[in-house]
Amino acid sequence: MLISRNCSSGMMDYEGFFRERLDVLHGEGRYRVFADLERRCGRFPRAFDHRIGAEVTVWCSNDYLGMGQHPAVLAAIQETLCAVGAGAGGTRNISGNSHIHLLLERELADLHSREAALIFTSGYVANDAALSTLARELPGMAVYSDAHNHASMISGIRNSRAEKYIFRHNDPADLTRLLAAVAPERPKLVCFESVYSMDGDIAPIGDLCDVADRFGAMTYLDEGSAALIDFLRSHAPGFIFTTSLPPALAAGALAAIRHLKKSHAERDRHQERAATVKRRLTEAGLPVMPSPSHIVPVLVGEPGLCKAACDELLTRHRIYVQPINYPTVPRGTVG
């Protein structure tokens with residue numbers, strides 16, 4: 001088969017457009033390089049990096065407590081895999097609920113003291129599907145979004161096409177100002193996070209919820225009633241039309257939650273390690289950003305320098321850490 005990539009005069013040069021945009025990323029030092037890692041079970045947080053042919057220590061992961069390799073989790077996954085197979089068989093509304101999905105949702109609801117819970121295939125899909133559905137389906141909805149919200153939340157709000165307002169990060173006064181400018185009878189949704197994964201700061205949840213209550217607004221963070229969950233299950237395309245999580249993964253998540261509801265050893269060790277890393281980096285004179293959470297952000301500020309530092313850590317010290325660039329963080333705050 002012969003494929004011509006030549007473009008007639010006046011027609012769109014698709015390949016040229018793609019190359020041009022990639023060249024911009026390279027020029028700005030923001031081109032994303034994905035690591036080729038093979039994690040070592042039983043040696044958390046160690047992994048084999050196939051790019052350099054050596055074992056490295058992974059310093060960036062959201063498996064904060066190492067539960068991805070916990071014996072109870074692995075046992076639950078293996079047991080369920082052998083009992084029911086590898087796949088879910090389809091979407092839950094067509095193929096039915098796997099019983100383990102229902103058990104996981106009940107456990108999650110109990111963990112957060114809520115009436116009900118609903119599991120999606122990923123955190124990104126959950127935010128995108130839930131927010132786009134809520135903001136789209138409620139007539140006249142006005143959405144208020146924290147300036148530092150995750151990309152998944154921004155995507156959900158944008159996809160809803162609802163009227164939106166952005167309030168300054170963690171600023172109840174600015175949220176008050178924006179809410180006061182909208183008619184009281186309109187439905188309103190205030191969207192924010194608890195811990196912001198890039199800067200590591202924590203939202204003033206109580207203050208933001210008080211402001212939302214004063215203006216009759218829902219908050220996306222903490223309102224998960226049974227009716228709301230049932231509404232999303234019945235209206236969210238990201239739930240209805242997506243093949244559900246493999247039962248074995250749901251079983252692993254269920255085992256992790258049940259273990260952590262009883263054990264505090266992992267959390268204690270986690271907090272101690274985070275505090276130690278922050279202290280030692282600060283003592284070394286590195287620009288560690290203040291953070292009350294377990295997130296340890298180090299501000300570099302320039303994409304090229306950030307990537308160079310990460311490359312040095314990998315090649316000289318076998319430490320794998322990924323540079324975080326725009327648009328994940330604002331320009332000039334690369335870390």
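Structural remarks
- Dipole magnitude (debye, nearest 20) for the stretch 217-284, charges at Cβ of Lys, Arg, Asp, Glu: 380
- Gain in span if fully extended, Asp207 to Glu185, counting 0.36 nm per residue against the direct Cα distance: 5.7 nm
- Peptides ranked, highest mean first, by Cβ atoms within 10 Å: ranges 206-212, 260-266, 243-249: 243-249, 206-212, 260-266
- Over the chain, the reciprocal of the mean inverse Cα-Cα separation, the Kirkwood hydrodynamic radius, stands at 23.0 Å.
- Computed over protein heavy atoms with a 1.4 Å probe, the accessible surface of the stretch 1-105 works out to 71 Å² per residue.
- Across the stretch 127-232, Cα-Cα distances exceeding 25 Å account for 11% of all pairs.
- Apportionment of accessible area to carbon and sulfur, the chain, percent (1.4 Å): 57
- Straight-distance crosslink candidates among lysines, where the alpha carbon sits under 30 Å from Lys188 and sequence neighbours closer than 8 are dropped: Lys164
- Descending by average beta-carbon neighbour count within 10 Å, the peptides 153-162, 29-38 line up as 153-162, 29-38, the highest first.
- Sequence ranges 280-286, 57-63, ranked by mean other-Cβ count within 10 angstrom, highest first: 57-63, 280-286
- Among Ala250, Ala274, Ala126, the residue with the largest mean-square fluctuation in a Gaussian network model of the chain, with springs joining Cα atoms closer than 10 Å, is Ala274.
- Restricting the stretch 144-252 to chymotrypsin sites (Phe, Trp or Tyr not before Pro) in coil, as DSSP defines it, with at most 15 other Cβ within 10 Å: Phe241
- Arg177-Arg21 pseudo-label distance in nm [points 7 Å out on the Cα-to-Cβ vector]: 3.5
- Based on DSSP H segments of at least four residues, each scored -39500 (n - 2.57), the chain has a per-residue ellipticity at 222 nm of -14000 deg cm²/dmol.
- Rounded to the nearest 20 debye, the dipole size of the stretch 187-335 about its Cα centre is 540 debye, using +1 on the Cβ of Lys and Arg and -1 on the Cβ of Asp and Glu.
The values are calculated or read from the model by the stated rules, or taken from the named source; none is laboratory data. These figures come from a predicted structure and were not determined experimentally. Note: ideal-geometry Cβ built from the backbone for every residue, glycine included; neighbour counts use all protein chains shown. Accessible surface is based on the protein model in full, side chains and every heavy atom, while ligands, DNA and RNA are left aside. Shrake-Rupley method; radii C 1.70, N 1.55, O 1.52, S 1.80 Å.
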